[in-house]
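Asker: After the structure tokens below, expect a handful of questions from me.
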Ligand code: NDP
């Protein structure tokens, strides 16, 4: 047996008694000079940090990506440059709307956030288990999330707010259809696909660029829960998916996904039948087939949940040479919002925390000081640029590609008002049983909603597919009257 360590205060002084506080006489009152007691109570009061405003409930694991295909004609990213190359990674899965104690089996998209610790810095692909999103401009995000959270008066979830917003934001229809389909409640985090959702840009060593979308396909197979099973499990074991991921990895049953991309030549973006940067739409697999990139395996659990999962901080703005942003308006908002959230939750030095720190790349810059600067803060090295003292130097060869812009600056909506074709395509590809469950799920969710909101939403379903609208209307005891 290893030698038992002495219990100490946070400053390292031995603690003689951790069961009885210092009191004046055996009855008390308690003495303020019991510094150990004060430190213990005060630290306990400070154990909570702000929970994430979205994606609060999550689970994480470490693993690796192994490259299985040559993709160098599209990107010069070093971690994708050779078959067989392995890059360590950390992933965090989550639900979106629920608070930190919410049940894992809620009907909700699942977060699918991957941090690749590459030799060129950390690359974060902060995706979901769905290829699209409810809205396509970040300016609508706070309003959308308010409708997913609690009513300001009752502090309860509010179906009227949810469907009011969706029915007034018909770009949500495609994602709503996925959400109420079988895939709206994945059986576990292991049994779902992941998608980068946004369009990104890849650039090769010759400076040629391409638009790209990412798909992680589960090798465990897609498995979902029925609404009834999900509700039952939420009562019996709200941490069901968290427990499943941890147990599976502990047992050596390592979950894996195949990573694929769709590649679009840059110029196609000008002529494709819809705006390929609109995150409410997918690129047809027929137009842009999936190309394998690699295999992702999760093989190690975190040792400490708070240190490694709660403090994990992903940002879609963490790119590496060869990968950069697209003009997707939702992505552009996220480039700001993620790092901003981390600065608020964890402080300005959050990237020094072990789970967030680069593991294979050296970090050299002129950032200094700030709360919780717990490394050597650059020691005595030069802290300004330009300088004559051999400080870290810029590398123009790593610049992201420049691009042309044109048009007038203005508040402009996306061109397309076709929110219906792809939602309808999805409805039509479902089997009769899947359609039946989709309709039942929607009808159950819309039952408590005001009639005018129900009617407005039914029109959207009907525009996607008349049968889709008719069946929801029938389930709600309404007749369909598409304008
Ligand atoms: P395809 O037939 O080439 O693709 C259909 C894809 O639909 C499948 O590959 C599968 O994606 C996905 N899918 C199958 N069943 C369901 C379901 N019940 N819920 C959600 N997704 C499902 O046709 P298209 O590329 O033209 O897409 C047709 C529709 O499929 C789209 O409107 C979209 O709603 C949906 N879809 C398309 C994706 C894409 O990237 N093109 C991705 C996911 C969904 P997967 O293999 O990723 O599981």
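Asker: Going residue by residue through the stretch 413-434, is there one that turns out to be within 30 Å of residue 207 (Cα to Cα), more than 14 Å from the ligand (Cβ to nearest atom) and surrounded by fewer than 16 Cβ atoms within 10 Å (Cβ to Cβ)?
Answerer: Within the stretch 413-434, the first condition is being within 30 Å of residue 207 (Cα to Cα), and the residues that meet it are 414-415.
Keeping just the survivors that are more than 14 Å from the ligand (Cβ to nearest atom) gives 414-415.
Among the residues that remain, those that are also surrounded by fewer than 16 Cβ atoms within 10 Å (Cβ to Cβ) are: 415.
Within the stretch 413-434 (the criterion being within 30 Å of residue 207 (Cα to Cα), more than 14 Å from the ligand (Cβ to nearest atom) and surrounded by fewer than 16 Cβ atoms within 10 Å (Cβ to Cβ)), the answer is yes, since at least one residue qualifies.
Here's the yes/no breakdown for (1) over 30 Å from residue 76 (Cα atoms); (2) within 15 Å of the ligand (Cβ to nearest atom); (3) without any contact (Cβ under 8 Å) to a residue 12 or more places away in the chain:
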position: 172; (1), (2), (3): yes, yes, no
position: 176; (1), (2), (3): yes, yes, no
position: 179; (1), (2), (3): yes, yes, no
position: 182; (1), (2), (3): yes, yes, no
position: 186; (1), (2), (3): yes, yes, no
position: 192; (1), (2), (3): no, yes, no
position: 195; (1), (2), (3): no, yes, no
position: 198; (1), (2), (3): no, yes, no
position: 203; (1), (2), (3): no, no, no
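Asker: Looking only at the stretch 37-57, decide whether some residue is closer than 20 Å to residue 258 by Cα and out of contact with any strand residue (DSSP E or B) (no Cβ under 9 Å at 6 or more places or on another chain). Full working, then the answer.
Answerer: As a first pass, look at the stretch 37-57 and keep what is closer than 20 Å to residue 258 by Cα: none.
No, the conditions are met nowhere in the stretch 37-57.
Asker: Please list, ordered by first then second residue, the pairs with beta carbon atoms under 6 Å, 6 or more apart or interchain, first in the stretch 209-237 and surrounded by fewer than 16 Cβ atoms within 10 Å (Cβ to Cβ), second at pLDDT 95 or above and in a loop (DSSP other than H, G, I, E, B).
Answerer: 223/187
Asker: Tell me the residue from 190, 183 that is over 22 Å from residue 332 (Cα atoms), in a helix (DSSP H, G or I) and out of contact with any helix residue (DSSP H, G or I) (no Cβ under 9 Å at 6 or more places or on another chain), please.
Answerer: Values: 190 fails: out of contact with any helix residue (DSSP H, G or I) (no Cβ under 9 Å at 6 or more places or on another chain).
Going through 190, 183 in turn, just one is over 22 Å from residue 332 (Cα atoms), in a helix (DSSP H, G or I) and out of contact with any helix residue (DSSP H, G or I) (no Cβ under 9 Å at 6 or more places or on another chain): 183.
Asker: Out of all the residues in the stretch 248-258, is one or more within 13 Å of the ligand (Cβ to nearest atom) and either buried (at least 18 other Cβ atoms within 10 Å of the Cβ) or within 26 Å of residue 321 (Cβ to Cβ) (or both)? Reasoning before the result, please.
Answerer: Of the residues in the stretch 248-258, the ones within 13 Å of the ligand (Cβ to nearest atom) are 257-258.
Within this subset, residues satisfying the condition of being either buried (at least 18 other Cβ atoms within 10 Å of the Cβ) or within 26 Å of residue 321 (Cβ to Cβ) (or both) are 257-258.
Yes.
Asker: Could you say which residue among 142, 88, 131 is within 30 Å of residue 400 (Cβ to Cβ), crowded, with 20+ Cβ neighbours inside 10 Å and at pLDDT 95 or above?
Answerer: Working: 142 fails: crowded, with 20+ Cβ neighbours inside 10 Å; 88 fails: crowded, with 20+ Cβ neighbours inside 10 Å.
Result of the check over 142, 88, 131: 131.
Asker: Then there is this: Report yes if some residue within the stretch 332-339 is in a loop (DSSP other than H, G, I, E, B) and either closer than 25 Å to residue 192 by Cβ or within 18 Å of the chain's Cα centre (by Cα) (or both); otherwise report no. Give the steps one after another, and end with the answer.
Answerer: Taking the stretch 332-339 first, the residues in a loop (DSSP other than H, G, I, E, B) are none.
Scanning the stretch 332-339 turns up no residue that is in a loop (DSSP other than H, G, I, E, B) and either closer than 25 Å to residue 192 by Cβ or within 18 Å of the chain's Cα centre (by Cα) (or both).
Asker: Looking only at residues that are in contact with a strand residue (DSSP E or B) (Cβ under 8 Å, 6 or more places away or on another chain) and part of a loop (DSSP other than H, G, I, E, B) in the stretch 14-23, which one is surrounded by the fewest Cβ atoms within 10 Å (Cβ to Cβ)?
Answerer: 15
Asker: Every residue in the stretch 91-106 that is surrounded by fewer than 21 Cβ atoms within 10 Å (Cβ to Cβ) and closer than 18 Å to residue 195 by Cβ, please.
Answerer: 96 - this is the single residue of the stretch 91-106 that is surrounded by fewer than 21 Cβ atoms within 10 Å (Cβ to Cβ) and closer than 18 Å to residue 195 by Cβ.
Asker: Here's another thing I want to ask about it. Out of the stretch 74-94, which residues are free of Cβ contacts under 8 Å to residues at least 24 places away in the same chain and touching a helix residue (DSSP H, G or I) at 6+ places or on another chain (Cβ under 8 Å)? I'd like the intermediate steps shown before the answer.
Answerer: So in the stretch 74-94, the residues free of Cβ contacts under 8 Å to residues at least 24 places away in the same chain come out as 81-86.
Answer for the stretch 74-94, where residues must be free of Cβ contacts under 8 Å to residues at least 24 places away in the same chain and touching a helix residue (DSSP H, G or I) at 6+ places or on another chain (Cβ under 8 Å): just 85.
Asker: Which members of the stretch 131-166 meet the condition of being part of a loop (DSSP other than H, G, I, E, B), closer than 18 Å to residue 414 by Cα and away from the ligand (no atom under 16 Å from the Cβ)? Lay out the reasoning, then the answer.
Answerer: Filtering the stretch 131-166 down to residues part of a loop (DSSP other than H, G, I, E, B) leaves 131-137, 149, 151-156, 158.
Filter once more, so that each one left must be closer than 18 Å to residue 414 by Cα: 132-137.
Those that are part of a loop (DSSP other than H, G, I, E, B), closer than 18 Å to residue 414 by Cα and away from the ligand (no atom under 16 Å from the Cβ): 135, 137.
Asker: Give the number of residues within the stretch 40-73 that are assigned to a loop (DSSP other than H, G, I, E, B), buried (at least 17 other Cβ atoms within 10 Å of the Cβ) and touching a helix residue (DSSP H, G or I) at 6+ places or on another chain (Cβ under 9 Å).
Answerer: Pass one, the stretch 40-73, residues assigned to a loop (DSSP other than H, G, I, E, B): 46-57, 68-73.
The next check asks that each one be buried (at least 17 other Cβ atoms within 10 Å of the Cβ); those that pass are 52, 54-57, 71.
With touching a helix residue (DSSP H, G or I) at 6+ places or on another chain (Cβ under 9 Å) added as a condition, the list becomes 52, 54, 57, 71.
Selection size over the stretch 40-73: 4.
Asker: Further question: Looking at residue 312, is it within 17 Å of residue 58 (Cβ to Cβ), in a loop (DSSP other than H, G, I, E, B) and touching a strand residue (DSSP E or B) at 6+ places or on another chain (Cβ under 6 Å)?
Answerer: Details: within 17 Å of residue 58 (Cβ to Cβ): yes; in a loop (DSSP other than H, G, I, E, B): yes; touching a strand residue (DSSP E or B) at 6+ places or on another chain (Cβ under 6 Å): yes.
So residue 312 passes the test.
Asker: Give 439, 453 a once-over and let me know the one that is under 16 Å from residue 178 (Cα atoms) and touching a residue at least 12 places away in the same chain (Cβ under 8 Å).
Answerer: Working: 453 fails: under 16 Å from residue 178 (Cα atoms).
Criteria check complete, one pass: 439.
Asker: Next question, about the same structure. Does at least one position in the stretch 313-333 carry a residue that is within 16 Å of the ligand (Cβ to nearest atom) and farther than 26 Å from residue 87 by Cα?
Answerer: At the first step, the residues of the stretch 313-333 found to be within 16 Å of the ligand (Cβ to nearest atom) are 326, 328.
Subsequent filtering for residues that are farther than 26 Å from residue 87 by Cα retains 328.
Yes, the conditions are met somewhere in the stretch 313-333.
Asker: If you go through the stretch 443-454 one residue at a time, do you hit one that is buried (at least 18 other Cβ atoms within 10 Å of the Cβ) and within 16 Å of the ligand (Cβ to nearest atom)?
Answerer: Within the stretch 443-454, none of the residues are buried (at least 18 other Cβ atoms within 10 Å of the Cβ) and within 16 Å of the ligand (Cβ to nearest atom).
Asker: Being without any contact (Cβ under 8 Å) to a residue 60 or more places away in the chain and either within 15 Å of the ligand (Cβ to nearest atom) or crowded, with 19+ Cβ neighbours inside 10 Å (or both) is the filter here; which residues of the stretch 269-307 pass it?
Answerer: Those that are without any contact (Cβ under 8 Å) to a residue 60 or more places away in the chain and either within 15 Å of the ligand (Cβ to nearest atom) or crowded, with 19+ Cβ neighbours inside 10 Å (or both): 272, 273, 284, 285, 286, 287, 289.
Asker: Might you let me know whether the stretch 393-412 holds any residue that is within 16 Å of the ligand (Cβ to nearest atom), at pLDDT 95 or above, farther than 27 Å from residue 151 by Cβ and in a loop (DSSP other than H, G, I, E, B)? Even if it seems obvious, please write down each step before you answer.
Answerer: The initial filter retains those residues of the stretch 393-412 that are within 16 Å of the ligand (Cβ to nearest atom), namely none.
Scanning the stretch 393-412 turns up no residue that is within 16 Å of the ligand (Cβ to nearest atom), at pLDDT 95 or above, farther than 27 Å from residue 151 by Cβ and in a loop (DSSP other than H, G, I, E, B).
The values are calculated or read from the model by the stated rules, or taken from the named source; none is laboratory data. What you see is a predicted model, and the numbers here were worked out from it, not measured in a lab. FYI the Cβ positions are ideal-geometry reconstructions off the backbone, even for glycines, and counts take in every protein chain you see.
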